[in-house]
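Asks: Right, I'll just put the structure down here and ask away after.
Just so it is clear, none of the values below were taken in a lab; they were calculated from the coordinates. Quick caveat, the model's predicted, so the values are computed rather than measured. As a convention, Cβ positions derive from the backbone with ideal geometry for all residues, glycine included, and neighbour counts pool all protein chains shown.
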Amino acid sequence: MRFFLADLHVHTCLSPCAELEMLPKFIVERAQALGLRVIAVTDHNSAENAAAVINAARGTGITVLPGMEVQTREEVHILALFDTLEQVASWQEQVYASLPPLKNDGAVFGEQVLLDADGEPVGYLDRLLLTSTTLSVEEIVQRVSGLNGLCIPAHVDRPAYSIISNLGFIPPELNVVGVEISHNVGPVEARGRFPQLKRYGLVGSGDAHRLQDMGRRTMLKVAEATVAELSLALAGRDGREVWVDGVSSVRVPLPSPSQEPVLSKAKEEESGVRAASPPPALGEESGVRAASPLPALGEGSGVRAS
């Protein structure tokens with residue numbers, strides 16, 4: 001098993017609400033500064049810039065998962081993560097077919113900058129991305145699963161564009177093993193506020209629209225950096241595990257009547273998390289480089305402060 005620091009929710013300049021500094025070269029440099037080993041490219045309703053970030057990360061030891069932050073017809077944001085560009089391209093075709101035929105107004109929503117495989121700007125995407133698809137939450141989870149991808153409902157603790165705020169709950173029959181919490185809340189507080197989250201593994205991602213938003217909250221213990229391994233880690237299966245802010249954040253197993261619970265009832269209600277060993281200290285033993293203090297954006301970083 002190996003340990004990876006991860007941020008599974010990173011936007012590029014294709015997302016109209018992201019800063020123009022979100023270019024592949026700078027995203028990878030920021031990931032290196034943070035000691036990240038896994039990042040996911042998740043632009044709104046599109047994956048056009050995923051290849052550019054994958055190419056920028058070659059030779060760095062950073063795995064880039066191509067993905068998307070898709071908006072359901074209920075205005076719920078869901079991260080759809082894949083292993084290959086072929087998979088995400090197939091998913092993008094389905095998403096594009098379900099978007100309304102509207103053009104983006106850059107003056108209102110922001111420009112949607114398209115990059116070539118080398119990360120160079122080649123134009124703007126005219127299709128409006130900041131809108132809902134016609135696909136339901138259930139349809140999206142089913143279709144992504146059919147492409148061997150992984151769905152993670154995004155920022156479930158937020159008051160807008162989250163599955164809990166918009167639907168009132170996470171449908172128990174929904175085929176998801178994990179959810180994302182925002183930077184506003186930690187795993188213990190999240191499960192205290194939303195007891196249903198004990199049924200799901202947690203990740204804490206940056207939802208990065210600026211370089212400084214990228215974070216190192218999530219530690220994965222997996223055999224390799226793939227969506228299948230991430231799914232196992234969220235479920236706490238086969239020796240895989242996930243920590244958020246240093247707290248074990250795998251799904252809390254629901255005991256059968258014939259089984260003793262993993263934690264006493266009082267302990268479970270108090271913590272909302274499964275008892276587990278702490279994550280490894282960063283360093284040579286974990287295979288993750290401890291990050292040095294992060295430079296402020298400016299002349300030294302090669303990025304103009306906005």
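Asks: Where in the range 61-137 are the strands (runs of 3 or more DSSP E), entirely inside, with at least 2 residues that are without any contact (Cβ under 8 Å) to a residue 60 or more places away in the chain?
Replies: Ranges flagged: 63-71, 121-124.
Asks: While we're on this one: Go through (1) farther than 24 Å from ALA223 by Cβ; (2) surrounded by 18 or more Cβ atoms within 10 Å (Cβ to Cβ) and name the single condition ARG73 misses.
Replies: (2)
Asks: Sticking with this one: Pairs under 8 Å by beta carbon, first residue in contact (Cβ under 8 Å) with a residue 12 or more places away in the chain and assigned to a helix (DSSP H, G or I) in the range 12-34, partner buried (at least 24 other Cβ atoms within 10 Å of the Cβ) and among the polar types (S, T, N, Q), six or more apart or different chains?
Replies: Taking only residues 6 or more apart or on different chains, the pairs are PRO24/THR12; PRO24/ASN49; ILE27/THR12.
Asks: Say we look at the range 150-160 and pick out the residues that are in contact with a helix residue (DSSP H, G or I) (Cβ under 6 Å, 6 or more places away or on another chain) and touching a residue at least 12 places away in the same chain (Cβ under 8 Å); which of these is farthest from LYS198 (Cα to Cα)?
Replies: LEU150
Asks: Moving on. Which of (1) out of contact with any Phe, Trp or Tyr (no Cβ under 7 Å at 6 or more places or on another chain); (2) within 26 Å of ILE39 (Cα to Cα) does LEU130 not meet, given it meets every other one?
Replies: (1)
Asks: For the condition without any contact (Cβ under 8 Å) to a residue 60 or more places away in the chain, crowded, with 23+ Cβ neighbours inside 10 Å and either touching a His at 6+ places or on another chain (Cβ under 6 Å) or closer than 26 Å to ILE39 by Cβ (or both), what is the one hit in GLY146, GLY178, GLY201?
Replies: GLY201
Asks: Condition test on ILE39, is it farther than 19 Å from ILE152 by Cα and either assigned to a strand (DSSP E or B) or of a type in the set (A, V, I, L, M) (or both)? Write out each step before concluding.
Replies: Working: farther than 19 Å from ILE152 by Cα: no; either assigned to a strand (DSSP E or B) or of a type in the set (A, V, I, L, M) (or both): yes.
The answer is no for ILE39.
Asks: While we're looking at this one, here's another question. Tally time: how many residues in the range 49-60 are surrounded by fewer than 24 Cβ atoms within 10 Å (Cβ to Cβ) and in a loop (DSSP other than H, G, I, E, B)?
Replies: So the answer is 4.
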